[in-house]
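Chemist: If you scroll down you'll find the structure; I have some questions about it.
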């Protein structure tokens, strides 16, 4: 009985270690396979500016974490992507923790056939939307397509 339990315990420890590592690899693999990595902007030729458009960059760090960097010209920040899943329609659902905002936001991104990227939704952890159904809630204007800059 002890010998059997010992094998089970060892197997369980190996499984737990594997699934924790696999979970981190899955996040990085998901964003990489989906095509999110790199820098994106509405117009890559325009310098980053809060009013004219930010440069948004997604990258995998050496430690395996996926980071989301926003460059608004005069202001920049770095935020960790905490999860990413792809739904049946190909929408990438991303959750990012923003330390400066003390909140996690969830957004959905869609890659068009031409390679452009569009935000379909963006909401706070409380469910307040700034983008819904591909349109800004405040104005009703559609979100612009972003192009890969690198």
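Chemist: Which of the peptides 82-92, 34-44 is most tightly packed, and how do the rest follow, judged by the mean count of other Cβ atoms within 10 Å per residue?
Modeler: 34-44, 82-92
Chemist: Let me ask something else. Rounded to the nearest whole Å³, what is the per residue volume of the convex hull around the Cα atoms of the stretch 32-148?
Modeler: 119
Coordinate-derived values only; no laboratory data. No experiment lies behind these values; they were computed from the predicted model shown. Cβ atoms come from the backbone with ideal geometry, glycine included; neighbour counts cover every protein chain shown.
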